[in-house]
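Values quoted throughout were computed directly from the atomic coordinates according to the rules given, and no laboratory measurement underlies them. Small disclaimer: the values here were computed from a predicted structure and weren't measured. Quick reminder, even Gly has a Cβ in these numbers, built from the backbone with ideal geometry, and neighbours come from all protein chains shown.
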Amino acid sequence: MFHAASSRRRAPLPPAQSPAPGVPSPRSPQSPQSGKQRDAFFDNAKYLAIVLVAIGHAWEPLKGDSRILEGVYTVVYTFHMPAFIIISGFFSRSFDMRPSRLKRLITGVAVPYIVFETAYPLFKRVIDDAPDQEISLLDPWYLTWFLCALFLWRLTTPIWKMIRWPLPVALGLAMAASVSPEIGDDLDLQRVLQFLPYFVLGLCMKPEHFQMVRRRSVRILSVPVFAVALAVGWWAVPRMNTAWFYHRDAAQELGVPWWVGPVMVLAMFGCSLLLTACFFAWVPRRHLWFTALGAGTLYGYLLHGFVVKAGMYEGWFDHAWLHRPLGEIFVTVLAAIGVTLLCTKPVQRVFRFAMEPKMEWAFKQDAAQAARDRRTNEPGEGGASADKGASGDNHDNSDNSGNKRETARV
C-alpha cells in the first residue's frame, strides 16, 4: 500500500518566473517604515523629478539672460510636474474614505500645507523685511499649491474611479478653467483644475502601462524627441508666453482670445505626455544610490524653497558671473546637490514632526478599524511621503499683471 502511494508521483511545479519590470514581486524590497512593497523605478522617478524641480527654481533668476537656458527651462517645465502628478495619481488608486486613509491624508498632506503655508510668509517677513506679508490658508503661496491640489485631488478620487470616462471629464474641466478667470486665487483652483487630467490619468494607469514606455525602443526614440523639444523650446522663447507652462492663469489673463485656452490645454497635455513618456523611459529600473531618496521627496520639495527664496531676497543670484554659462552650470549642480541633501534620512528625522506627524492625540481610536487595517493588504498607496513632493512641481514670483501674490512655477 505504501509502495503504491509513493509511486503516484506529483506533477512537477512550474518553474518560478520573475515578475515583469515595474510589477512588484511578492518578495520585493519593502519600505522599512510602511512595510509596503516599493518599486525602485518609482522612487528613482520621484527623485529625478524633484531634482528637476529644484533646478528649475534655481534657473528662474538666471534664465532671462540666456535664450538657451530659457529654452531648456520651458522643456523641463513641460514634463517635470506632470510626471510627478501622474505618479501621485497612480499611488492614489486605492484611496477611499476609510478613516485610516483619511487620517493619512490629513497628517501627510493637510498638516504640512498648514505648516508651510504659515512658514513661508513668516520667512519672507524676516528675510525680505516685509512685515505686511499676509498669511492666508486660502491662497497657497509659492510651493504649497501642490499640497492643496493633492488634498483636493485625493478627496475626489472615489468619484473618478466611479465615472465611466474620467479622463475626458477631467480634460473638460481643465479646458473650462482655462476660460474662467473669475475662479480667482482661492486654493489655487486654476492650477488644481488645469493639472487635474494628469492626476486622473495616473489613477487610470496600471503597472503595465509604465512597462510600455520602459522598452529599449522607446528609450532610443526618446533621444530625438528630446532633441526636437529642445530645438522647439529655443525657437519658442521669444514667441510664446511661458506662463502657459505654469497652468495658473486663464486665457483672458494672458491677453489672448478665450478659445486659445482650451486649445492650449489640449496641446500642452499632448506635449507633456510625450515628454513624460520619454522621461520615464530613461528612469533607471534598478536600485541605485539615490533610490532611497525617492521616499523623501516631500522634504526636498518643501524645504528647498527656503534656500531659493533666500537667494532671491539676499541677492545671491545678482553676481554677474552666475549669468554666464559656467555660472549657470554651477547653479545647476549646486541646486541638484542641495535638494539631494534635503531628501536624506537625517533631514527627514529632523522635520518629520511637520511633514509626517502621527497626531494620535487628534483622532479617535477605532479598534475594529485598526484590526481590519492590519489584516488588509493595501498595495498601490505609498504612504505620506511616497507620492508627494515636487516637483511642482511644482515655479515666477508674480504674474504678468504684477498683481497676484508670489507663487511658485512648478
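Here are the numbers:
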read-out	value
Pairwise centroid distance, computed over Cα atoms, of the stretch 180-209 with the stretch 122-154, Å	19 Å
Calculated FRET value between residue 217 and residue 289, using beta carbons and R₀ = 41 Å, to 0.05	0.90
J(HN,Hα) series, the stretch 51-57, from Karplus relation 6.51 cos²θ - 1.76 cosθ + 1.60, nearest Hz, glycine and proline x	5, 5, 4, 5, 5, x, 5
Prolate/oblate/rounded call for the stretch 95-186, Cα gyration tensor, a/c under 1.5 rounded	oblate
Linear extension gain, residue 167 paired with residue 364, 0.36 nm per residue minus alpha-carbon span	67.3 nm
Extended-chain gain in nm, criterion 0.36 nm per residue less alpha-carbon gap, residue 227 and residue 319	30.0 nm
Label zone at residue 345 (point 7 Å along Cα-to-Cβ), backbone N below 19 Å, the stretch 262-291	287-291
Prolate/oblate/rounded label for the stretch 50-139 (Cα gyration tensor, a/c 1.5)	oblate
Whether the stretch 262-350 is rounded, prolate or oblate, judged on the alpha carbon gyration tensor where a/c under 1.5 counts as rounded	oblate
Of 46/345; 161/206; 124/358, pairs whose Cα-Cα distance is over 20 Å	124/358
Inter-site label distance for residue 179 and residue 266 at 7 Å from Cα along Cβ, in nm	1.2 nm
